[in-house]
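Written out below as C-alpha cells is the structure these notes cover.
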Amino acid sequence: MKDLPILELAGSPQDLGRNHGQKLAQEIRGLRRQLFAYLLKAGLVVGAWPVFGALLCLARSFWAAIPRSLREEMQGVASGAGVGLSLILLINVLDDLANNVPRCSGLAAGGPRTADGAFLAGRNLDYPLFLDILIDYQMLFLVEPEQGQPFASLAWPGYVGVCTGLNRAGVALSQFSAMSRDTSLRGLPAALRFRLGLESAESVADAVRTIMELKGTIGNNVLLASASEAWVLELSAHQGAVRRPEAGLITVTNHYQTAAMAPLKGRFPRRPPFSPLSAYYFTEEYSRAREARLQELAQGRRLGPEDFQVILADDRIANPGTVVSVVVRPEDKTLWVARGQVPPVSQGPFQKIRLWQ
C-alpha cells in the first residue's frame, strides 16, 4: 500500500501559500494540464482557450467576498508555483462554478451506536471527472495558521479550502453537494467558507455559527462531528438549517432533509461530457437510494472504524467516481484514509493516521 503524502505548513498566510506552491509546483501544473485537456476534448466547437478564459473570468467574480488572509495565501501559492493567480482561484472555486457536480455519501454514529459512546464519522467523495489525477495527487495538508485552530485537510495541490478536514480541537468536517435554487456568484466559495468554520471551531456549534455568518454560493450539506456530537448543516447561499442524529446515527447524501430547506431544493445536474458515470448517478433517486442504504447498513448494531470502512465500500454506496474515502475518530484525532489506486478507492486498504500526538 502506498502511504498518503503529508505536507506540513505553518506561518503567515504568505508563508503558507508560498511553501505550498513551491513544494507542489509540478503537481499544480499537472492539474492545469488535466483541466485544459478536458476542456479541449469537451469544447470541440468553440475550442478550449475561450472556455478556459471564461472560467477564469467567472472565478474572479468571487474575489471580493474572499477574506484578505485567504487571498494572500492563494497569491502565495501562485507565486511559489510560478502560475497565474487565476488558476489557483479556479482550482478553489471550480465546484461552485459547476454548481455541485460531485456526489458524496457520509454518516456519523455515537452514543449507543459505538462501543465507548464517542462519535465516529465517515465519508466518500465521488467525482465525475479527473479521477486518476485526483487519486494520484490526493494528500494530507497539516496547516498551522498564525491565527485560529491548526487543522488537517485531505485535499489536492493548489487547494486552500477544506472539503474534508479535522482540527486540533477535535472537530471534523465533510462537505457534500446539495442541489439548491438559492445560489450566488457573490458569496464566499464553499470550501473556503468551510475552512474558516474549521479554523474557528472549538466545538461543532462554533463551526456552525461561523459558517452561518458567512454568505455562501451554492447548496451544501456539511457533516460536522466531535467526540460528543454530530450535526448535519444544510445550506444554501443565504439560508441554513441543522439536522441532528436519531438514536445516535445520522446519515447524509446530496439532498435536503429538513422542512426548512425543502422549499429551496434545486434540480440535479446533467452528466458532464465524457464522465465514466452513467446518468443515473446524477439523479435525486440515486441520492435517496444511498441514504436508504446507509441507514440499512448502520441499523441495529454498534459501529467501529472497520464497520464504517465496510459501509463506505459497499457497492450501493461507493461508485466508479469514488476518489476519496475516510473515517475519522475526533476523540483521539485519528483518520483512516482509503488508499485504493482505482475508483472506488474505498474498496482498497485504509491507512491509519494519528495526528498531533
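We did not get these values from a lab; they are worked out from the coordinates using the rules stated. Since the model is a prediction, treat every value here as computed from it, not as a measurement. Here the Cβ is made from the backbone with ideal geometry for all residues, glycine too, and neighbour counts use every protein chain on show.
Quick look at the values:
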item: P(r) weight above 30 Å for the chain, C-alpha pairs, percent; result: 30
item: Share of pairwise Cα separations in the range 6-96, more than 19 Å, in percent; result: 43
item: FRET efficiency, 1/(1 + (r/R0)^6) with R0 25 Å, evaluated for PHE36 and ARG271 via beta carbons; result: 0.75
item: Share, in percent, of DSSP beta bridges within the chain that are antiparallel, nearest 5; result: 90
item: THR210, THR258 arranged by Cβ crowding within 10 Å, fewest neighbours leading; result: THR258, THR210
item: Gained length - LEU142 relative to ALA260, 0.36 nm times residue gap less alpha-carbon distance; result: 38.9 nm
item: Extreme residue, positive dipole direction of the range 6-96, given options GLY30, LEU40, LEU16 (C-beta unit charges); result: LEU40
item: Computed lengthening from HIS238 to SER79, 0.36 nm per intervening residue step minus Cα-Cα distance; result: 53.9 nm
item: Relative contact order %, the chain, counting alpha carbon pairs below 8 Å whose residues are six or more apart; result: 19
item: Stretchable slack from SER12 to LEU58, in nm (0.36 nm times residue separation minus alpha-carbon distance); result: 13.8 nm
